Amino acid sequence: MSSSNPFNYFRSWMDQPMRDPVTELLTPEYAQGLKQFMAYAANQLVTIESKHMYCPCCKCRNFRVIHVSQVWMHLYGEGFMPGYKVWFMHGEDESMVNYGSCSEHYSADRLEEPTAEVDANVGTVQMVNDAFRENVHSFDGDSDRVEEPN
């Protein structure tokens, strides 16, 4: 991996072990990142109003909507699902993200295009989730519908 690519460092705390192997406590980087995530996600209007949000832990994988305090517990115990660096289910989109800002030093020795290997499925997951939310009403009452094979 090239050290000049900012995508390699963007929210890199999410790719590191969340616990110190000696003390079994959260690493300072993970604890700080978790606080940043929760501060951002909990301040979204829908979360403020409902006190619930999607849980991005390894088990829930943004498929469950649970109370904010439970999200804290899940992320504290399980960690984030792999690849969830743009928090699109929590009000963020790629246009809002500054990939160059991180807790680690980044020195650009040349500009290069981001590689496709980084968070390649984020757009796909968001697209599927958006399509499902927009079309979920069309599935109501279709339980007897049978689709013919191709």
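The values are calculated or read from the model by the stated rules, or taken from the named source; none is laboratory data. The structure presented is a predicted model; accordingly, all values stated were derived computationally and were not measured. Cβ coordinates were reconstructed from backbone atoms using ideal geometry, including for glycine residues, and neighbour counts include every protein chain displayed.
Results, tabulated for the structure shown:
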| quantity | calculated |
| --- | --- |
| Enumeration of residues in segment 9-40 that are aliphatic (A, V, I, L, M) and outside any strand (DSSP E or B) | 14, 18, 22, 25, 31, 34, 38, 39 |
| Search result, residues across segment 41-67 that are in a helix (DSSP H, G or I) and surrounded by 15 or more Cβ atoms within 10 Å (Cβ to Cβ) | 41, 42, 47 |
| Tabulated pairs, segment 13-32, first without any contact (Cβ under 8 Å) to a residue 24 or more places away in the chain and closer than 12 Å to residue 77 by Cα, second in a loop (DSSP other than H, G, I, E, B) and among the basic types (Lys, Arg), C-beta under 6 angstrom, 6+ apart or interchain | none |
| Neighbours by Cβ (under 6 Å, 6+ apart or cross-chain): first from segment 79-90, within 10 Å of residue 15 (Cα to Cα) and surrounded by fewer than 19 Cβ atoms within 10 Å (Cβ to Cβ); second at pLDDT below 90 and not polar (S, T, N, Q) | 83/119 |
